[in-house]
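Below is one structure; the comments refer to it alone.
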Amino acid sequence: MLSNALIIDDDLEVQLLGKELLSQHGYEVQTAGSLGELVRQPALLNAELILLDFGLGEFTGLDILDYLYDLRIKASILLISSCAQDTAGRAIAAGKALGFHMLGFLPKAKLFTDLASFLEPFKKAPKAPTSNELAKAIHEKQLFLVYQPQIDLQKNQVISAEALVRWQDPQRGVLYPDSFIRLAEQSGLMLPLTWYVIELAMKQQAQWLSQGWDLNISINIPAAFIQAEGVLETFDQLTQVHNAVLSKITLELTETVGVECLGYACYVLKALRQRGCKLSLDDFGTGHSSLKQLYRLPFSELKIDRSFVSQIDRDQEALVITESIIDLGRRLGLTVVAEGIETSAQFTLLAEAGCTVGQGYCIAHPLTAGAFNTWLREYSPSALIAHQMSMFSCSKAC
Ligand code: C2E
Ligand code: MG
Ligand code: MG
């Protein structure tokens with residue numbers, strides 16, 4: 001099967017040359033000349049590899065990266081441009097900060113001679129998983145959870161952990177959600193995956209309780225879950241089987257909850273809250289209708305998207321937006337969680353702004369259940385800042 005590649009460049013000659021070269025390397029190639037073209041034809045973005053020009057008329061490569069981030073596109077990106085090395089360096093750093101796999105910078109003049117050297121290591125990377133493989137993985141229990149601690153930013157106490165799914169693939173090693181969540185959504189596997197994740201999280205909760213740890217656990221829930229037939233009945237069955245304490249479970253929803261189903265979503269979510277679960281609006285601030293969802297749905301928590309949090313120590317506007325979200329959450333009586341805290345400066349700014357809870361690499365990476373146990377035993381609030389630095393270098397990143 002051919003891999004898909006996309007060239008985003010307003011220079012037709014580069015489009016043609018790139019297409020020719022990539023085809024020789026076995027790619028099915030699409031081209032786009034502007035951000036508008038991408039907006040009008042989202043199917044173009046169905047690519048594992050993107051060659052991205054930096055300047056595209058009105059827009060820069062940074063605008064394109066922001067757009068890809070908002071759409072949760074997870075392609076590998078090679079920057080091709082005639083821009084200066086330091087501009088390219090900034091774009092690559094911005095891409096990495098947004099979580100993209102950046103392959104590097106190739107000046108356009110070297111496209112013909114040097115493209116192959118950028119593609120070689122990328123081609124050796126294992127192929128993307130298929131829906132059949134994912135179905136088998138769920139069935140054969142190859143999925144597992146890692147846990148990222150969440151701490152009370154005012155008291156420096158660990159109060160919760162977010163469960164994040166991983167796939168231990170026998171051939172490819174550990175796979176991250178960005179390589180299979182979209183696949184699960186497209187192939188109808190999101191529900192079986194979610195039920196499996198909920199079950200694993202409930203089992204983990206039982207284990208923590210048996211160790212005497214009074215921890216909340218947050219579980220990521222897709223829109224498909226809310227609309228699923230018999231969702232409450234199945235949830236009740238699992239609760240009973242695992243003796244789950246629902247007052248210690250937070251269900252995190254992203255803003256992908258369809259606008260057209262708000263009425264029904266409200267009914268299901270209220271029923272879950274009546275059972276004791278807390279509800280969180282994840283990645284707040286990145287969707288189009290987040291305020292409407294906040295207004296209509298019975299959330300108890302909102303999580304500030306890390307695209308804001310990661311900038312608050314270097315960009316005044318990101319700080320003002322973040323402070324305003326914290327204020328909004330406080331006035332609505334919600335717990336406000338900041339995700340993606342990477343530096344102690346961000347940590348301090350958030351604590352000073354009155355943010356309730358935080359998580360991020362600066363506190364701990366997501367950890368396997370065993371590593372989480374060890375981390376929790378060693379965690380010392382008074383030594384947090386020193387601890388942040390040592391955890392950053394030694395915690396088992398998953
Ligand atoms: P999310 O729910 O917003 O989870 C936070 C993501 O940010 C996690 O990525 C986490 O590893 C990452 N992260 C945490 N701290 C930092 C930091 O300081 N800096 C940076 N750059 N990143 C940080 P992960 O585990 O790759 O998950 C990505 C997304 O996949 C999640 O975003 C969530 O939307 C989805 N996901 C993860 N697990 C599940 C699951 O079990 N079910 C569903 N439906 N979605 C899941
Ligand atoms: Mg989440
Ligand atoms: Mg999030």
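The values are calculated or read from the model by the stated rules, or taken from the named source; none is laboratory data. In this text, all values refer to a predicted model and were calculated from it rather than measured experimentally. Every residue, glycine among them, receives a Cβ derived from its backbone with ideal geometry; neighbour counts consider all protein chains shown. Heads up: the accessible areas ignore ligands, DNA and RNA and are worked out on the full protein's heavy atoms, side chains in. Shrake-Rupley method; radii C 1.70, N 1.55, O 1.52, S 1.80 Å.
Return the residue satisfying two criteria in turn: it lies in the stretch 270-288 and is over 13 Å from E339 (Cα atoms), outside any loop (DSSP other than H, G, I, E, B) and within 16 Å of ligand 2 (Cβ to nearest atom), and of such residues it is nearest to the chain's Cα centre (by Cα).
L279
For the stretch 240-254, what are the residues that are of a type in the set (A, V, I, L, M), at pLDDT 95 or above and in contact with a strand residue (DSSP E or B) (Cβ under 7 Å, 6 or more places away or on another chain)?
Step one: list which residues in the stretch 240-254 are of a type in the set (A, V, I, L, M), which gives 241, 244-246, 249, 251, 253.
From the residues that got through so far, the ones that are at pLDDT 95 or above too are 241, 244-246, 249, 251.
Selection gives I249, L251.
Taking the stretch 346-364, which residues are more than 16 Å from ligand 3 (Cβ to nearest atom) and aromatic (F, W, Y)?
F347
So, in the stretch 323-334, how many residues would count as being open to solvent by 80 Å² or more (accessible area, probe 1.4 Å) and either touching a Ser or Thr at 6+ places or on another chain (Cβ under 6 Å) or in a loop (DSSP other than H, G, I, E, B) (or both)?
1
Condition first: assigned to a helix (DSSP H, G or I), buried (at least 17 other Cβ atoms within 10 Å of the Cβ) and among the basic types (K, R). Now tell me which residues in the stretch 289-322 satisfy that.
The answer is R306, and nothing else.
Can you tell me which residues in the stretch 33-63 are open to solvent by less than 50 Å² (accessible area, probe 1.4 Å) and assigned to a helix (DSSP H, G or I)?
Selection gives L35, G36, L38, L44, L45, G61.
From the list T254, T286, T234, which residue is within 16 Å of ligand 3 (Cβ to nearest atom), over 22 Å from Y147 (Cα atoms) and β-branched (V, I, T)? Break it down into steps so the answer makes sense when it comes.
Details: T254 fails: over 22 Å from Y147 (Cα atoms); T234 fails: within 16 Å of ligand 3 (Cβ to nearest atom).
It is T286.
Looking at the stretch 111-126, which of the residues that are touching a residue at least 40 places away in the same chain (Cβ under 8 Å) and open to solvent by 60 Å² or more (accessible area, probe 1.4 Å) is nearest to the chain's Cα centre (by Cα)?
Applying the filter and picking the extreme gives P126.
Select from the stretch 301-343 the residues that are among the basic types (K, R) and within 22 Å of F100 (Cβ to Cβ) and write down the one among them that is farthest from ligand 2 (Cβ to nearest atom). Walk me through how you get there before you give the answer.
Looking only at the stretch 301-343, we keep the residues that are among the basic types (K, R), and these are 303, 306, 314, 330-331.
Now narrow it down to the ones that are within 22 Å of F100 (Cβ to Cβ): 303, 306, 314.
Values: K303: 6, R306: 10, R314: 24 Å.
This residue is R314.
Against the conditions (1) within 12 Å of ligand 1 (Cβ to nearest atom); (2) farther than 24 Å from D152 by Cα, where does D282 fall short? Just the number, please.
The number of the failed condition is (2).
For the stretch 336-345, enumerate the residues that are within 16 Å of ligand 3 (Cβ to nearest atom) and either of a type in the set (S, T, Y) or in contact with a helix residue (DSSP H, G or I) (Cβ under 6 Å, 6 or more places away or on another chain) (or both). Break it down into steps so the answer makes sense when it comes.
If we filter the stretch 336-345 for residues that are within 16 Å of ligand 3 (Cβ to nearest atom), which is where we start, we get 336-342.
Within the stretch 336-345, V336, A338, E339, G340, I341 meet the criteria.
Condition first: open to solvent by 10 Å² or more (accessible area, probe 1.4 Å), within 26 Å of S307 (Cβ to Cβ) and in contact with a Gly (Cβ under 8 Å, 6 or more places away or on another chain). Can you find one or more residues in the stretch 14-32 that meet it?
Step one: of the stretch 14-32, the residues open to solvent by 10 Å² or more (accessible area, probe 1.4 Å) are 14-17, 19-21, 23-31.
Now narrow it down to the ones that are within 26 Å of S307 (Cβ to Cβ): none.
Within the stretch 14-32, none of the residues are open to solvent by 10 Å² or more (accessible area, probe 1.4 Å), within 26 Å of S307 (Cβ to Cβ) and in contact with a Gly (Cβ under 8 Å, 6 or more places away or on another chain).
Just name the residue that is most open to solvent (accessible area, probe 1.4 Å) out of those in the stretch 235-255 that are of a type outside the set (A, V, I, L, M, F, W, C) and within 16 Å of ligand 1 (Cβ to nearest atom).
Step one: list which residues in the stretch 235-255 are of a type outside the set (A, V, I, L, M, F, W, C), which gives 236-237, 239-240, 242-243, 247-248, 250, 252, 254-255.
If we keep only those that are within 16 Å of ligand 1 (Cβ to nearest atom) as well, we get 250, 252, 254-255.
Numbers: T250: 2, E252: 1, T254: 42, E255: 25 Å².
Filtering the stretch 235-255 for residues that are of a type outside the set (A, V, I, L, M, F, W, C) and within 16 Å of ligand 1 (Cβ to nearest atom), the one most open to solvent (accessible area, probe 1.4 Å) comes out as T254.
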